[in-house]
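Structure first, commentary second.
The values are calculated or read from the model by the stated rules, or taken from the named source; none is laboratory data. Worth saying up front: this structure is predicted, and the values here are computed from it rather than measured. Cβ coordinates were reconstructed from backbone atoms using ideal geometry, including for glycine residues, and neighbour counts include every protein chain displayed. Remember, those area values only see protein heavy atoms, side chains included, never the ligands or the DNA or RNA. Shrake-Rupley method; radii C 1.70, N 1.55, O 1.52, S 1.80 Å.
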Amino acid sequence: LRSYLRDESSRLRRLRRFYEKVQTLHQDPKASVDNPLLAFSLIKRLHSDWPNVIYSDEATRNTQALHAGLREVEQELPGAEDLDGAARALMRLQDVYALSVKGLANGLFQRAGHPPLYSPGRRVPLSADDCFHVGKVAYDTGDYYHSIAWLEEAVSLFRLSYGSWNLEDRSSLEDALDHLAFSYFMAGNISHALSLSREFLRYDPSNQRVSRNVAKYKKLLEMGTGTRMPCPPHIAVPPYTLLGSLSPQPAPELLLHLSCSYETNSSPYLLLQPAKKEMVWIQPYVALYHDFITDAEAEIIKGLAGPWLQRSVVASGEKQQKAEYRISKSAWLKDTADPVVRALERRIAAVTGLDLRPPYAEYLQVVNYGLGGHYEPHFDHATSTKSPLYRMKSGNRIATVMIYLSAVEAGGSTAFIYANFSVPVVKNAALFWWNLRRNGNGDGDTLHAGCPVLAGDKWVANKWIHEHGQEFRRPCSADPQD
């Protein structure tokens, strides 16, 4: 585009010089006819110079070069699925963090009446067309709760700039009014739908479809239908809404058992450099190991996984499939992929005291959560014997180690739903918890979620360890209920 603008600017400068020359020669029309030299110049311009300007080969070449440049990068550009996914991400952030739509449109991340959850270095407001597209994505799926909020903002912004046209805009005030009116109609507020439709007709009085809608809304109101706005439809706001940004304080009696310590875990591997362990919670047992990896190791792992990242899948019965409740990309790394991965596996084995040799543990899973990336509440262990996890024939997932490979500016916490606490992203730290009780049953308190990333790029590496092979490393208790 920069190259096209440069070439077109040169062409337009030459065109302006031609125009100024013509303007000078035409200052005295009578002289142009009387003087044979001027008359010749005039005839030549009208016969050949003027068509050359209109049908400029240079203009065509510049446009062709622009199109060719687009074709070169077209495969790498975002598609419709990416754009709609980004719109849904904004709505997810709006719900989970209770953000104001008007605030988001102004580049602010805050709840009404609260300080901002995140203050970007450069505030980037959304245009009317941007808000329209988010509302349209909701509208197309019948989600009128969100479509009303975003289309209201689009209408408000379009009204402020009505009459001006932006090259990048694909929608208009009329489009926004049309979609907003129908959203209100579907939500039950017919009087407001009528008002918006009448406003639409002021700009496009010949539109027969909207005229019929106006007649229909008037008739419904005369019949006494839709005179008030019903309650908004139920929104399935994830149960980790507040946990995503707040971490409740533990009860005083729990604080007595929470501590920080240097741990060797009776491992020679940790004698010279003990693990920095922070006990986060007792039930479920959750510990955070600070400075578990170095910046250089994190970058190597991200670099190894980058080329192999694909949309993450979830277990669904005996199959695995993509799901809207898990938005991320992931890749799997064998311990033979790089010495760094092998060293990381040894470190995990030393800290946990568990056996990670095949088939007792899965490969390292590297996950990238991008715009609004999240993972709704789930268990890491299988809750059905039909789960694909059992194909490894090494039992259920006894424990999880999750390593934070990056920092994020806001959001992205790991929230434990039933236990009512969350762990923020701590760069280079490793989060550890037991998924199974000592009796082999799943621990229901480990239900957890990856809260949406509000700002930043979240990378984690997961190591899932299975129960077979751990019989003497984590023996069962004398109490069958334990």
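Quick notes on this one:
- Helices (runs of 4 or more DSSP H) wholly inside region 1-76 containing at least 1 residues that are of a type in the set (Asp, Glu) and touching a residue at least 40 places away in the same chain (Cβ under 8 Å): 2-25, 57-73
- Residue in region 88-98 that is outside any helix (DSSP H, G or I), outside the structural domain of residue 369 (by the TED database) and touching a Lys or Arg at 6+ places or on another chain (Cβ under 9 Å) present: yes
- Yes/no for residue 22 being surrounded by 10 or more Cβ atoms within 10 Å (Cβ to Cβ) and among the aliphatic types (A, V, I, L, M): yes
- Where a residue in region 249-270 is in the same structural domain as residue 343 (by the TED database) and modelled with pLDDT of 70 or more and its partner, wherever it lies, is assigned to a helix (DSSP H, G or I) and not acidic (Asp, Glu), with Cβ under 6 Å and at least six apart: 264/270; 267/350; 269/350; 270/350
- Only one of the listed residues (344, 389, 309) is open to solvent by less than 60 Å² (accessible area, probe 1.4 Å), modelled with pLDDT of 85 or more, aliphatic (A, V, I, L, M) and more than 21 Å from residue 85 (Cβ to Cβ). That residue is 344.
- Residue list for region 392-407, restricted to those being of a type in the set (A, V, I, L, M) and either surrounded by 19 or more Cβ atoms within 10 Å (Cβ to Cβ) or at positive phi (or both): 398, 399, 401, 402, 403, 405
- Filter result for residue 180 (modelled with pLDDT of 95 or more, open to solvent by less than 40 Å² (accessible area, probe 1.4 Å) and over 11 Å from residue 128 (Cβ atoms)): yes
- Subset of region 2-11 (residues that are open to solvent by 80 Å² or more (accessible area, probe 1.4 Å) and either closer than 14 Å to residue 61 by Cα or more than 55 Å from the chain's Cα centre (by Cα) (or both)): 5, 6
Let's see how each residue does on (1) more than 23 Å from residue 408 (Cβ to Cβ); (2) open to solvent by 20 Å² or more (accessible area, probe 1.4 Å):
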position: 96; (1), (2): no, no
position: 102; (1), (2): yes, yes
position: 116; (1), (2): no, yes
position: 153; (1), (2): yes, no
position: 159; (1), (2): yes, yes
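- Just one residue in the set 106, 189 is free of Cβ contacts under 8 Å to residues at least 60 places away in the same chain and over 30 Å from residue 456 (Cβ atoms); that residue is 189.
- Some residue of region 445-462 being more than 29 Å from residue 308 (Cα to Cα) and in contact with a Ser or Thr (Cβ under 6 Å, 6 or more places away or on another chain): no
- Pair list, Cβ under 9 Å, 6 or more apart: region 328-349 residue in the same structural domain as residue 373 (by the TED database) and among the polar types (S, T, N, Q), other residue assigned to a helix (DSSP H, G or I) and open to solvent by less than 40 Å² (accessible area, probe 1.4 Å): 330/305
- Filter result for residue 410 (farther than 23 Å from residue 345 by Cβ, of a type outside the set (Lys, Arg) and in contact with a Pro (Cβ under 7 Å, 6 or more places away or on another chain)): no
- Filter result for residue 49 (at pLDDT 80 or above, assigned by the TED database to the domain that holds residue 5 and open to solvent by less than 50 Å² (accessible area, probe 1.4 Å)): yes
- Listed by position, the strands (runs of 3 or more DSSP E) enclosed by region 324-380 that each have at least 3 residues that are within 21 Å of residue 287 (Cα to Cα) and of a type outside the set (A, V, I, L, M) are 374-378.
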